[in-house]
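Visitor: Take a look at this one; I'll ask things after.
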Amino acid sequence: MTRPETRTETSPEAGNGGLAFAFRHCEELVREGDPDRYFAALFAPAAFRPHLFALAAFSLTVARVREAASNPMAGEIRLQWWRDALQGEARGDVRANPVAAALEDAIVTRRLGRQPFVDLIDARVFDLYDDPMPRVNDLEGYCGETASALIRLSSLVLADGAEPGGAAAAGHAGVAYGITGLLRALPWHARQGQVYLPGDLLRQNGVTREDVVSGRGGPGLVRSCAELRALARRHLAACEAARATIAPAARPAFLPTALVEPYLAVMERPGYDPLNSVIEIPRWRRLWRLWRAARTGR
């Protein structure tokens, strides 16, 4: 029976107290802020987990820039610091930031390209402002540069220098997971004045941005969310069709997608309100889904 790895192996933490702290910080950050990816990473070999947590912690930190910044310009400055850190242009000692230190070690040790990280940062600029996502394909592109990129980079870490395959599968998996996550977070985003639902889809269903952020909702919003669930499922099916292209070593990177269908199913229960319902599944069920996916490869 496949279980989360628990054996002790030589890891990037060995012999370096500074990095050991950085990796522990990243692991704790992901455990508290992104439990689905945290639990999924436990099914990966122990030697790779510090770098998987570093990637996820970076993604989470950049995703939280709007919360941490007092205004969009302050957020832009924070994102620019991360660009400079990745490109070796940041002032001061980047290693003083534990997430940046852990990420730099992951990039160097696992020979990762830096451009995908810069692209992820650029995509997150959208988060700083209150404009709706323009079109459906813009939403897919946003999820591709954020969630899909994280799956692809995690695959590269797990392959340890070999080609992990599954680039197209990672693209579809990330879009499915990203859309599902945005639908789950819709109530919170709406209260913050953010609208990730595509503007063309909202107009098609007679919904305005004000309907969303004011909490009015209505049948048009319900239809829009249903169409996005269908889109997420199409990408999930496309990922499944390409599963054979994924190297076995890289499969743990795709484990979070095992939670997409259960979350979507909760949204289809009677009484679902896109702007007020909490979309959760019990922890034991999430762990069971991840265990089954790790065991069966799907």
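Visitor: Just one of (1) surrounded by fewer than 18 Cβ atoms within 10 Å (Cβ to Cβ); (2) under 19 Å from the mean Cα position of the chain (by Cα) trips up Ala250, so point out which.
Guide: Of everything listed in (1) surrounded by fewer than 18 Cβ atoms within 10 Å (Cβ to Cβ); (2) under 19 Å from the mean Cα position of the chain (by Cα), Ala250 misses just condition (1).
Visitor: Could you give every pair whose Cβ atoms fall below 6 Å, whose first residue belongs to the range 149-172 and is more than 19 Å from Gln115 (Cβ to Cβ) and open to solvent by less than 40 Å² (accessible area, probe 1.4 Å), and whose second residue is modelled with pLDDT of 95 or more and in a loop (DSSP other than H, G, I, E, B), counting only separations of at least 6 or pairs across chains?
Guide: If the second residue must be modelled with pLDDT of 95 or more and in a loop (DSSP other than H, G, I, E, B), the pairs left are Gly165/Ala247; Ala169/Ala242.
Visitor: Then there's this: Within the range 38-48, track down each residue that is surrounded by fewer than 24 Cβ atoms within 10 Å (Cβ to Cβ) and in a helix (DSSP H, G or I).
Guide: Once the filter is applied, which keeps residues that are surrounded by fewer than 24 Cβ atoms within 10 Å (Cβ to Cβ) and in a helix (DSSP H, G or I), the range 38-48 yields Tyr38, Phe39, Ala46, Ala47.
Visitor: Follow-up. Being of a type outside the set (Val, Ile, Thr), open to solvent by 60 Å² or more (accessible area, probe 1.4 Å) and closer than 17 Å to Ser277 by Cα is the filter here, so list the residues in the range 216-230 that pass it.
Guide: The answer is Arg216, Pro219, Arg223.
Visitor: Another question, if that's okay. How many of the residues making up the range 103-139 are touching a helix residue (DSSP H, G or I) at 6+ places or on another chain (Cβ under 7 Å), surrounded by fewer than 20 Cβ atoms within 10 Å (Cβ to Cβ) and either hydrophobic (A, V, I, L, M, F, W, C) or under 29 Å from Pro198 (Cβ atoms) (or both)?
Guide: 12
Visitor: Considering each residue of the range 201-215, count those that are acidic (Asp, Glu) and open to solvent by 50 Å² or more (accessible area, probe 1.4 Å), and give that number.
Guide: So the answer is 1.
Visitor: Mind checking which residues of the range 49-60 are open to solvent by 20 Å² or more (accessible area, probe 1.4 Å) and within 10 Å of the chain's Cα centre (by Cα)?
Guide: Leu60
Visitor: Tell me yes or no: at least one residue of the range 113-121 is of a type in the set (A, V, I, L, M), touching a Pro at 6+ places or on another chain (Cβ under 7 Å), touching a residue at least 24 places away in the same chain (Cβ under 8 Å) and within 25 Å of Thr180 (Cβ to Cβ).
Guide: no
Visitor: Same structure again: Only one residue in Glu210, Glu261 is acidic (Asp, Glu) and within 30 Å of Pro45 (Cβ to Cβ). Which one?
Guide: Glu261
Visitor: Is it the case, given these coordinates, that Ala63 is open to solvent by less than 20 Å² (accessible area, probe 1.4 Å), at pLDDT 95 or above and hydrophobic (A, V, I, L, M, F, W, C)?
Guide: Judged against the criteria, Ala63 is not a match.
Visitor: Which pairs have Cβ atoms under 7 Å, sit 6 or more apart or on different chains, and link a residue in the range 49-69 that is outside any helix (DSSP H, G or I) to one that is among the small types (Gly, Ala, Ser)?
Guide: Hits for this filter: Ala69/Gly75.
Visitor: Taking Gly193 as the residue in question, decide whether it is surrounded by fewer than 22 Cβ atoms within 10 Å (Cβ to Cβ) and outside any helix (DSSP H, G or I).
Guide: Considered against the rule, which asks whether it is surrounded by fewer than 22 Cβ atoms within 10 Å (Cβ to Cβ) and outside any helix (DSSP H, G or I), Gly193 comes out as yes.
The values are calculated or read from the model by the stated rules, or taken from the named source; none is laboratory data. None of these values were measured; they are calculated from a predicted model. Cβ: placed from backbone, ideal geometry, glycine included. Neighbour counts: every protein chain shown. Areas reflect the complete protein model, heavy atoms only, side chains present, ligands, DNA and RNA absent. Shrake-Rupley method; radii C 1.70, N 1.55, O 1.52, S 1.80 Å.
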